[in-house]
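This report concerns only the one structure given below.
The values are calculated or read from the model by the stated rules, or taken from the named source; none is laboratory data. Everything numeric here is computed off the predicted structure, so don't read it as measured data. Backbone-built Cβ (ideal geometry, glycine too); neighbour counts: all protein chains shown. Heavy atoms of the whole protein, side chains included, go into the accessibility calculation; ligands, DNA and RNA do not. Shrake-Rupley method; radii C 1.70, N 1.55, O 1.52, S 1.80 Å.
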Amino acid sequence: MQPFKYKPPRVKTGDLRTFITFYEYAPNNGPEPGESEKKILYEGWSKVVNVWLKDLEIAKSNGTLSDITITIRDPHADYIPTNKHYLSIDAPEYRDKRYNIKHAQPDLQNKEFITIVARLTE
């Protein structure tokens with residue numbers, strides 16, 4: 001029989017230290033192209049992870065250098081992230097940057113969290 005070894009969870013509530021806001025955008029009224037912020041869908045604390053240094057060369061070749069991975073607590077029915085939503089990160093390094101959600105899925109190691117992959121919008 002194999003001895004029991006406790007494996008701590010990969011993400012804990014104490015890791016959620018960055019405040020983020022999820023938005024819905026709508027096309028601008030009038031002849032000017034572009035989008036503007038329509039309404040705030042959800043706000044909460046998150047863990048933000050950039051591309052790792054070991055994956056930097058792969059990210060450069062794939063064009064995914066500006067992608068980030070975000071982990072949030074699962075808001076259940078209050079908010080369900082989709083690829084039509086945008087987010088902003090309340091941190092000095094990310095000020096005035098908007099990210100488009102590319103993929104959202106439940107964290108398979110811990111069902112209390114959702115993992116989101118987002119890409120910087122131009």
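Summarising the amide proton neighbourhood of D107: residues at separation of 5 or more, or on other chains, whose placed amide H is nearer than 5 Å comprise F113, I114, T115. For Cα Rg over 2.2 N^0.38 Å, the candidate list reads [x] 1.22; [y] 1.63; [z] 1.01; the entry that matches the value derived from this model is [x]. Each other residue within a Cβ distance under 10 Å of I114 adds +1 if Lys or Arg and -1 if Asp or Glu, for a net charge of -1.
Calculated accessible area for the chain comes out at 72 Å² per residue, all protein chains present (probe 1.4 Å; ligands, DNA, RNA ignored).
Highest mean first, the peptides 41-49, 96-104 sorted by other C-beta atoms within 10 Å per residue fall in the order 41-49, 96-104.
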